[in-house]
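Below you will find the structure I want to go over with you.
The values are calculated or read from the model by the stated rules, or taken from the named source; none is laboratory data. Note that this is a predicted model, so its numbers are computed, not measured. Cβ: placed from backbone, ideal geometry, glycine included. Neighbour counts: every protein chain shown. We work out accessible area using only protein heavy atoms, side chains counted, and drop any ligands, DNA or RNA first. Shrake-Rupley method; radii C 1.70, N 1.55, O 1.52, S 1.80 Å.
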Amino acid sequence: MSFRSALPILLLFLTINFAKAQKHSPIPVIFDTDIAGDYDDVGAMALLHAFADKGEAKILATISCNAFETTAPTISVINTYFGRPEIPIGIVKKDKPNKDCAQRWAQAIVARYPHNIKSNSQAIEAVPLYRKILASQADGSVTIISVGFFTNLADLLRSGPDKYSKLTGEQLVKQKVKNLVSMATGIGTDGKSFSEYNVNVDAASAREVFKNWPTPITLSGFEIGEKILTGIRLINNKSIQNSPVKDAFRIALTKDKNTVGRNSWDETAVLTAIRGPKPYFTYRKLNMEIKDDGTDVVIPGEKFSYLQFAIQPDAIAKDIEQLMMHQPLKK
(Lines give C-alpha, C1' and ligand atoms only; values in the text may rest on other atoms or scores of the structure.)
Protein backbone atom coordinates (compact mmCIF):
# COMPACT_ATOMS: atom_id res chain seq x y z
CA MET A 1 0.00 0.00 0.00
CA SER A 2 1.39 3.39 -1.01
CA PHE A 3 1.63 6.28 1.44
CA ARG A 4 -0.95 8.17 -0.64
CA SER A 5 -3.50 5.35 -0.43
CA ALA A 6 -2.81 4.83 3.26
CA LEU A 7 -3.24 8.53 4.08
CA PRO A 8 -7.07 8.53 4.29
CA ILE A 9 -6.94 5.53 6.66
CA LEU A 10 -4.36 7.27 8.82
CA LEU A 11 -6.41 10.45 8.93
CA LEU A 12 -9.53 8.47 9.87
CA PHE A 13 -7.61 6.73 12.67
CA LEU A 14 -6.33 10.05 14.03
CA THR A 15 -9.80 11.61 13.83
CA ILE A 16 -11.41 8.73 15.71
CA ASN A 17 -8.78 8.82 18.44
CA PHE A 18 -9.01 12.60 18.74
CA ALA A 19 -12.78 12.30 19.08
CA LYS A 20 -12.35 9.68 21.80
CA ALA A 21 -9.92 11.91 23.64
CA GLN A 22 -12.31 14.82 23.38
CA LYS A 23 -15.21 12.68 24.59
CA HIS A 24 -13.31 11.53 27.67
CA SER A 25 -11.85 14.90 28.66
CA PRO A 26 -12.91 15.73 32.24
CA ILE A 27 -15.82 18.17 32.40
CA PRO A 28 -14.93 21.28 34.45
CA VAL A 29 -17.63 21.68 37.11
CA ILE A 30 -18.71 24.22 39.70
CA PHE A 31 -21.08 22.59 42.19
CA ASP A 32 -23.65 24.79 43.98
CA THR A 33 -25.54 23.13 46.85
CA ASP A 34 -27.84 23.86 49.81
CA ILE A 35 -26.37 20.88 51.69
CA ALA A 36 -28.11 20.64 55.12
CA GLY A 37 -31.87 20.40 54.84
CA ASP A 38 -31.67 17.16 52.86
CA TYR A 39 -28.98 14.55 52.37
CA ASP A 40 -29.37 13.83 48.67
CA ASP A 41 -26.74 16.58 48.34
CA VAL A 42 -24.28 14.21 50.02
CA GLY A 43 -25.14 11.54 47.47
CA ALA A 44 -24.69 14.09 44.70
CA MET A 45 -21.24 15.03 45.99
CA ALA A 46 -20.30 11.35 46.19
CA LEU A 47 -21.26 10.97 42.52
CA LEU A 48 -19.26 14.04 41.57
CA HIS A 49 -16.12 12.77 43.30
CA ALA A 50 -16.63 9.32 41.78
CA PHE A 51 -16.73 10.92 38.34
CA ALA A 52 -13.61 12.93 39.18
CA ASP A 53 -11.79 9.74 40.19
CA LYS A 54 -12.86 8.16 36.90
CA GLY A 55 -11.48 11.10 34.93
CA GLU A 56 -14.91 12.25 33.82
CA ALA A 57 -15.12 15.47 35.86
CA LYS A 58 -12.81 18.13 37.23
CA ILE A 59 -14.24 19.83 40.31
CA LEU A 60 -13.31 23.51 40.13
CA ALA A 61 -15.21 24.70 43.21
CA THR A 62 -17.90 23.61 45.67
CA ILE A 63 -20.22 26.39 46.81
CA SER A 64 -23.06 26.64 49.33
CA CYS A 65 -26.19 28.70 48.61
CA ASN A 66 -27.34 28.05 52.19
CA ALA A 67 -26.06 30.15 55.11
CA PHE A 68 -26.75 27.47 57.74
CA GLU A 69 -23.71 26.97 59.97
CA THR A 70 -22.84 23.40 58.94
CA THR A 71 -22.82 23.87 55.18
CA ALA A 72 -19.20 24.87 54.42
CA PRO A 73 -17.79 22.42 57.01
CA THR A 74 -19.95 19.62 55.55
CA ILE A 75 -18.66 20.33 52.04
CA SER A 76 -15.13 20.32 53.46
CA VAL A 77 -15.74 16.92 55.10
CA ILE A 78 -16.84 15.36 51.80
CA ASN A 79 -14.03 16.93 49.76
CA THR A 80 -11.45 15.82 52.33
CA TYR A 81 -12.84 12.29 52.52
CA PHE A 82 -12.43 11.89 48.77
CA GLY A 83 -8.87 13.21 48.88
CA ARG A 84 -9.52 16.71 47.53
CA PRO A 85 -9.28 19.05 50.54
CA GLU A 86 -7.82 21.74 48.30
CA ILE A 87 -11.02 22.34 46.30
CA PRO A 88 -12.12 25.95 46.90
CA ILE A 89 -15.26 26.25 49.04
CA GLY A 90 -17.59 29.22 48.74
CA ILE A 91 -20.70 30.31 50.58
CA VAL A 92 -23.47 32.88 50.34
CA LYS A 93 -22.46 35.62 52.81
CA LYS A 94 -26.00 36.67 53.66
CA ASP A 95 -28.33 35.92 56.55
CA LYS A 96 -30.68 34.09 54.18
CA PRO A 97 -31.33 31.55 52.77
CA ASN A 98 -30.66 29.73 56.04
CA LYS A 99 -32.17 26.24 56.18
CA ASP A 100 -31.08 23.99 59.04
CA CYS A 101 -30.22 20.31 59.28
CA ALA A 102 -33.02 19.10 61.53
CA GLN A 103 -32.00 15.44 61.21
CA ARG A 104 -28.52 16.39 62.50
CA TRP A 105 -26.62 14.13 60.12
CA ALA A 106 -24.49 17.13 59.09
CA GLN A 107 -23.58 17.96 62.68
CA ALA A 108 -22.64 14.30 63.20
CA ILE A 109 -20.25 13.98 60.26
CA VAL A 110 -18.68 17.40 60.93
CA ALA A 111 -17.96 16.26 64.49
CA ARG A 112 -16.49 12.92 63.40
CA TYR A 113 -14.50 13.48 60.20
CA PRO A 114 -11.48 15.68 59.34
CA HIS A 115 -11.98 18.90 57.42
CA ASN A 116 -10.09 22.13 56.79
CA ILE A 117 -13.01 24.57 56.80
CA LYS A 118 -14.22 24.65 60.40
CA SER A 119 -16.84 27.38 59.97
CA ASN A 120 -18.64 29.26 57.22
CA SER A 121 -16.55 32.34 58.01
CA GLN A 122 -13.50 30.55 56.58
CA ALA A 123 -15.19 29.94 53.22
CA ILE A 124 -14.86 32.38 50.33
CA GLU A 125 -17.80 34.57 49.41
CA ALA A 126 -19.72 32.84 46.63
CA VAL A 127 -19.78 35.47 43.88
CA PRO A 128 -16.07 36.43 44.00
CA LEU A 129 -15.22 32.73 43.93
CA TYR A 130 -17.48 32.17 40.93
CA ARG A 131 -15.90 35.09 39.12
CA LYS A 132 -12.33 34.03 39.93
CA ILE A 133 -12.90 30.45 38.78
CA LEU A 134 -14.84 31.34 35.63
CA ALA A 135 -12.34 33.99 34.54
CA SER A 136 -9.53 31.42 34.61
CA GLN A 137 -11.30 28.83 32.46
CA ALA A 138 -11.49 28.34 28.71
CA ASP A 139 -14.42 29.94 26.93
CA GLY A 140 -17.58 27.83 26.83
CA SER A 141 -16.09 25.09 28.98
CA VAL A 142 -17.65 25.16 32.46
CA THR A 143 -20.72 23.23 33.58
CA ILE A 144 -22.48 24.62 36.65
CA ILE A 145 -24.50 22.09 38.65
CA SER A 146 -27.10 23.72 40.89
CA VAL A 147 -28.87 21.50 43.43
CA GLY A 148 -30.16 24.18 45.75
CA PHE A 149 -31.42 27.74 45.76
CA PHE A 150 -30.70 30.20 42.93
CA THR A 151 -29.34 32.91 45.25
CA ASN A 152 -25.69 32.68 44.21
CA LEU A 153 -26.49 32.40 40.51
CA ALA A 154 -28.71 35.50 40.55
CA ASP A 155 -26.04 37.42 42.48
CA LEU A 156 -23.45 36.27 39.92
CA LEU A 157 -25.55 37.58 37.03
CA ARG A 158 -25.90 40.95 38.79
CA SER A 159 -22.20 41.25 39.60
CA GLY A 160 -20.01 43.92 38.02
CA PRO A 161 -16.43 43.98 36.75
CA ASP A 162 -13.76 43.25 39.34
CA LYS A 163 -10.08 42.27 39.65
CA TYR A 164 -10.81 38.89 38.05
CA SER A 165 -12.64 40.09 34.94
CA LYS A 166 -13.73 43.29 33.22
CA LEU A 167 -16.95 41.58 32.21
CA THR A 168 -20.29 41.86 33.97
CA GLY A 169 -21.60 38.69 35.57
CA GLU A 170 -23.98 37.97 32.73
CA GLN A 171 -21.22 38.53 30.16
CA LEU A 172 -18.82 36.31 32.11
CA VAL A 173 -21.36 33.50 32.31
CA LYS A 174 -22.13 33.79 28.61
CA GLN A 175 -18.42 33.63 27.73
CA LYS A 176 -17.25 30.87 30.09
CA VAL A 177 -20.22 28.61 30.92
CA LYS A 178 -21.23 25.78 28.62
CA ASN A 179 -24.45 24.91 30.42
CA LEU A 180 -26.33 24.99 33.71
CA VAL A 181 -27.79 21.72 35.00
CA SER A 182 -30.21 22.18 37.88
CA MET A 183 -32.39 20.08 40.12
CA ALA A 184 -35.33 22.43 40.30
CA THR A 185 -38.97 22.96 39.35
CA GLY A 186 -41.48 20.26 38.49
CA ILE A 187 -44.53 19.59 36.39
CA GLY A 188 -47.60 18.53 38.32
CA THR A 189 -50.58 16.42 37.37
CA ASP A 190 -52.07 19.37 35.47
CA GLY A 191 -49.10 19.16 33.08
CA LYS A 192 -48.47 22.87 33.49
CA SER A 193 -47.26 23.94 36.92
CA PHE A 194 -45.68 22.96 40.21
CA SER A 195 -44.37 24.40 43.47
CA GLU A 196 -40.86 23.10 44.23
CA TYR A 197 -38.60 23.71 47.25
CA ASN A 198 -35.38 24.83 45.57
CA VAL A 199 -37.31 27.48 43.67
CA ASN A 200 -39.63 28.51 46.52
CA VAL A 201 -36.92 29.32 49.07
CA ASP A 202 -35.65 32.24 46.97
CA ALA A 203 -38.27 32.71 44.29
CA ALA A 204 -37.02 36.16 43.26
CA SER A 205 -33.55 34.79 42.47
CA ALA A 206 -35.01 31.79 40.63
CA ARG A 207 -37.17 34.10 38.52
CA GLU A 208 -34.15 36.26 37.66
CA VAL A 209 -32.01 33.27 36.66
CA PHE A 210 -34.76 31.70 34.57
CA LYS A 211 -35.30 34.99 32.77
CA ASN A 212 -31.72 36.15 32.23
CA TRP A 213 -29.37 33.14 32.25
CA PRO A 214 -27.54 33.30 28.89
CA THR A 215 -26.55 29.64 28.35
CA PRO A 216 -28.50 26.39 27.84
CA ILE A 217 -30.25 25.07 30.97
CA THR A 218 -31.14 21.45 31.73
CA LEU A 219 -33.72 20.85 34.46
CA SER A 220 -34.24 17.69 36.50
CA GLY A 221 -37.71 18.25 37.90
CA PHE A 222 -39.15 17.07 41.20
CA GLU A 223 -40.98 14.11 39.69
CA ILE A 224 -37.73 12.65 38.33
CA GLY A 225 -35.76 12.28 41.56
CA GLU A 226 -38.92 11.51 43.49
CA LYS A 227 -39.16 8.11 41.81
CA ILE A 228 -35.47 7.15 42.15
CA LEU A 229 -34.81 5.74 45.62
CA THR A 230 -31.29 5.14 46.94
CA GLY A 231 -29.39 4.68 50.19
CA ILE A 232 -30.45 1.29 51.55
CA ARG A 233 -27.76 -0.70 49.72
CA LEU A 234 -25.25 1.93 50.80
CA ILE A 235 -25.99 1.76 54.52
CA ASN A 236 -26.13 -2.06 54.43
CA ASN A 237 -22.78 -2.37 52.65
CA LYS A 238 -20.50 -3.68 55.41
CA SER A 239 -17.38 -3.26 53.29
CA ILE A 240 -17.79 0.52 53.55
CA GLN A 241 -16.46 1.74 56.88
CA ASN A 242 -15.74 5.21 58.29
CA SER A 243 -17.58 6.97 55.48
CA PRO A 244 -19.34 10.33 55.97
CA VAL A 245 -21.53 9.50 52.98
CA LYS A 246 -22.72 6.26 54.57
CA ASP A 247 -23.09 7.92 57.98
CA ALA A 248 -25.21 10.77 56.62
CA PHE A 249 -27.62 8.36 54.93
CA ARG A 250 -27.66 5.96 57.88
CA ILE A 251 -28.48 8.69 60.41
CA ALA A 252 -31.15 10.34 58.27
CA LEU A 253 -32.81 7.15 57.01
CA THR A 254 -32.91 5.75 60.54
CA LYS A 255 -34.40 8.95 61.96
CA ASP A 256 -37.07 8.89 59.24
CA LYS A 257 -37.73 5.16 59.77
CA ASN A 258 -37.16 4.91 56.02
CA THR A 259 -36.62 1.36 54.77
CA VAL A 260 -37.01 1.97 51.02
CA GLY A 261 -34.47 4.72 50.30
CA ARG A 262 -34.30 8.47 49.85
CA ASN A 263 -35.50 10.32 46.76
CA SER A 264 -32.48 11.00 44.56
CA TRP A 265 -33.23 14.49 43.34
CA ASP A 266 -29.76 16.02 43.40
CA GLU A 267 -27.96 12.91 42.18
CA THR A 268 -29.90 13.05 38.89
CA ALA A 269 -28.51 16.52 38.16
CA VAL A 270 -24.91 15.36 38.63
CA LEU A 271 -25.48 12.19 36.60
CA THR A 272 -26.94 14.17 33.69
CA ALA A 273 -24.36 16.97 33.87
CA ILE A 274 -21.43 14.58 33.58
CA ARG A 275 -22.71 11.72 31.44
CA GLY A 276 -25.54 13.38 29.55
CA PRO A 277 -29.15 12.23 29.57
CA LYS A 278 -28.71 8.91 27.71
CA PRO A 279 -29.48 6.12 28.42
CA TYR A 280 -31.39 7.21 31.52
CA PHE A 281 -33.40 10.14 30.23
CA THR A 282 -34.75 11.94 27.24
CA TYR A 283 -35.90 15.53 27.40
CA ARG A 284 -38.53 17.88 26.09
CA LYS A 285 -37.91 21.49 25.15
CA LEU A 286 -39.96 24.12 26.97
CA ASN A 287 -39.92 27.49 28.64
CA MET A 288 -40.77 28.16 32.28
CA GLU A 289 -41.94 31.22 34.11
CA ILE A 290 -41.45 31.61 37.87
CA LYS A 291 -44.33 33.37 39.65
CA ASP A 292 -43.90 35.62 42.69
CA ASP A 293 -44.85 32.78 45.03
CA GLY A 294 -42.28 30.42 43.46
CA THR A 295 -44.74 28.43 41.37
CA ASP A 296 -43.23 27.39 38.04
CA VAL A 297 -45.46 27.47 34.98
CA VAL A 298 -44.72 25.89 31.59
CA ILE A 299 -44.99 28.38 28.76
CA PRO A 300 -44.33 28.05 25.01
CA GLY A 301 -40.67 28.02 23.98
CA GLU A 302 -37.50 25.94 23.85
CA LYS A 303 -35.06 27.60 26.28
CA PHE A 304 -34.95 24.68 28.76
CA SER A 305 -34.26 20.96 28.32
CA TYR A 306 -36.57 19.21 30.79
CA LEU A 307 -35.70 15.62 31.71
CA GLN A 308 -38.09 12.73 31.15
CA PHE A 309 -37.59 9.04 31.89
CA ALA A 310 -36.15 6.83 29.15
CA ILE A 311 -35.81 3.73 31.36
CA GLN A 312 -37.34 2.56 34.63
CA PRO A 313 -36.46 4.55 37.77
CA ASP A 314 -35.28 1.37 39.56
CA ALA A 315 -32.61 0.81 36.92
CA ILE A 316 -31.39 4.39 37.27
CA ALA A 317 -31.36 4.01 41.06
CA LYS A 318 -29.11 0.96 40.79
CA ASP A 319 -26.47 2.86 38.81
CA ILE A 320 -26.70 5.97 40.99
CA GLU A 321 -26.30 3.99 44.19
CA GLN A 322 -23.32 2.11 42.77
CA LEU A 323 -21.64 5.47 42.20
CA MET A 324 -22.67 6.65 45.68
CA MET A 325 -20.78 3.67 47.12
CA HIS A 326 -17.56 4.66 45.32
CA GLN A 327 -14.64 4.68 47.74
CA PRO A 328 -11.80 7.23 47.73
CA LEU A 329 -8.78 6.34 45.63
CA LYS A 330 -5.65 5.55 47.60
CA LYS A 331 -3.04 8.23 47.03
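Is at least one residue of segment 297-311 farther than 27 Å from residue 202 by Cβ, part of a helix (DSSP H, G or I) and over 20 Å from the mean Cα position of the chain (by Cα)? Give the derivation first.
So the first thing to find is which residues in segment 297-311 are farther than 27 Å from residue 202 by Cβ, and the list is 309-311.
With the extra rule that they be part of a helix (DSSP H, G or I), the set shrinks to none.
No, segment 297-311 has no match at all.
Something else about it: Within segment 70-91, is even one residue among the charged types (D, E, K, R) and closer than 19 Å to residue 248 by Cβ? Full working, then the answer.
Step one: of segment 70-91, the residues among the charged types (D, E, K, R) are 84, 86.
Then keep just the ones that are closer than 19 Å to residue 248 by Cβ; that gives 84.
Yes, segment 70-91 contains at least one residue that is among the charged types (D, E, K, R) and closer than 19 Å to residue 248 by Cβ.
Can you find a residue that is surrounded by 14 or more Cβ atoms within 10 Å (Cβ to Cβ), modelled with pLDDT of 95 or more, of a type outside the set (A, V, I, L, M, F, W, C) and over 20 Å from residue 144 (Cβ atoms) anywhere in segment 293-306?
yes
Please list, ordered by first then second residue, the pairs with beta carbon atoms under 9 Å, 6 or more apart or interchain, first in segment 88-103 and over 17 Å from residue 147 (Cβ atoms), second assigned to a loop (DSSP other than H, G, I, E, B) and among the β-branched types (Val, Ile, Thr).
96/201; 100/70
Within segment 266-285, can one find any residue that is farther than 26 Å from residue 143 by Cβ, polar (S, T, N, Q) and out of contact with any Asp or Glu (no Cβ under 8 Å at 6 or more places or on another chain)?
Within segment 266-285, the first condition is being farther than 26 Å from residue 143 by Cβ, and the residues that meet it are none.
No, segment 266-285 contains no residue that is farther than 26 Å from residue 143 by Cβ, polar (S, T, N, Q) and out of contact with any Asp or Glu (no Cβ under 8 Å at 6 or more places or on another chain).
So in segment 222-280, with the set limited to residues that are hydroxyl-bearing (Ser, Thr, Tyr) and loosely packed, with under 15 Cβ neighbours inside 10 Å, which one is farthest from residue 35 (Cα to Cα)?
Checked segment 222-280; the qualifying residue farthest from residue 35 (Cα to Cα) is 239.
Only one residue in 95, 155, 53 is modelled with pLDDT under 95 and not hydroxyl-bearing (Ser, Thr, Tyr). Which one? Write out each step before concluding.
On the way: 155 fails: modelled with pLDDT under 95; 53 fails: modelled with pLDDT under 95.
Going through 95, 155, 53 in turn, the sole match is 95.
Do you know which residues across segment 101-117 are under 13 Å from residue 64 (Cβ atoms) and assigned to a loop (DSSP other than H, G, I, E, B)?
101, 117
In the list 173, 199, which residue meets the criterion of being touching a Gly at 6+ places or on another chain (Cβ under 7 Å) and part of a helix (DSSP H, G or I)?
Result of the check over 173, 199: 199.
In segment 266-294, what residues are assigned to a loop (DSSP other than H, G, I, E, B), touching a helix residue (DSSP H, G or I) at 6+ places or on another chain (Cβ under 8 Å) and under 18 Å from residue 320 (Cβ atoms)? Steps first, please.
Let us first name the residues in segment 266-294 that are assigned to a loop (DSSP other than H, G, I, E, B), namely 276-280, 291-294.
Add one more test, that the residue is touching a helix residue (DSSP H, G or I) at 6+ places or on another chain (Cβ under 8 Å), and what stays is 280, 291-294.
Within segment 266-294, just 280 meets the criteria.
Provide a single number: the residues in segment 204-239 that are among the hydroxyl-bearing types (Ser, Thr, Tyr) and part of a loop (DSSP other than H, G, I, E, B).
2
When residue 134 is evaluated against the numbered criteria (1) out of contact with any Lys or Arg (no Cβ under 8 Å at 6 or more places or on another chain); (2) not hydroxyl-bearing (Ser, Thr, Tyr); (3) not in a loop (DSSP other than H, G, I, E, B), which criterion, by number, is the only one it fails?
Of (1) out of contact with any Lys or Arg (no Cβ under 8 Å at 6 or more places or on another chain); (2) not hydroxyl-bearing (Ser, Thr, Tyr); (3) not in a loop (DSSP other than H, G, I, E, B), only one is false for residue 134: (1).
When only residues in segment 124-151 that are open to solvent by 10 Å² or more (accessible area, probe 1.4 Å) and among the charged types (D, E, K, R) count, which is farthest from residue 275 (Cα to Cα)? Spell out how you get there, then give the answer.
Within segment 124-151, the first condition is being open to solvent by 10 Å² or more (accessible area, probe 1.4 Å), and the residues that meet it are 124-125, 127-128, 132-133, 135-141.
With the extra rule that they be among the charged types (D, E, K, R), the set shrinks to 125, 132, 139.
Details: 125: 29, 132: 26, 139: 21 Å.
If we take residues in segment 124-151 being open to solvent by 10 Å² or more (accessible area, probe 1.4 Å) and among the charged types (D, E, K, R), then 125 is farthest from residue 275 (Cα to Cα).
Something else about it: Hey, does segment 56-76 have a residue that's closer than 28 Å to residue 25 by Cβ, hydrophobic (A, V, I, L, M, F, W, C), touching a residue at least 60 places away in the same chain (Cβ under 8 Å) and open to solvent by 10 Å² or more (accessible area, probe 1.4 Å)?
Checked segment 56-76: at least one residue is closer than 28 Å to residue 25 by Cβ, hydrophobic (A, V, I, L, M, F, W, C), touching a residue at least 60 places away in the same chain (Cβ under 8 Å) and open to solvent by 10 Å² or more (accessible area, probe 1.4 Å).
Next question, about the same structure. Within the bounds of segment 165-177, is there any residue that is touching a Cys at 6+ places or on another chain (Cβ under 9 Å), crowded, with 23+ Cβ neighbours inside 10 Å and either without any contact (Cβ under 8 Å) to a residue 12 or more places away in the chain or not small (Gly, Ala, Ser) (or both)?
Narrowing segment 165-177 to residues touching a Cys at 6+ places or on another chain (Cβ under 9 Å): none.
Scanning segment 165-177, I find no residue that is touching a Cys at 6+ places or on another chain (Cβ under 9 Å), crowded, with 23+ Cβ neighbours inside 10 Å and either without any contact (Cβ under 8 Å) to a residue 12 or more places away in the chain or not small (Gly, Ala, Ser) (or both), so the answer is no.
Which of the residues belonging to segment 10-50 are of a type in the set (D, E, K, R) and either modelled with pLDDT under 95 or outside any helix (DSSP H, G or I) (or both)?
Taking segment 10-50 as the starting set, the residues that turn out to be of a type in the set (D, E, K, R) are 20, 23, 32, 34, 38, 40-41.
Within segment 10-50, 20, 23, 32, 34, 38 qualify.
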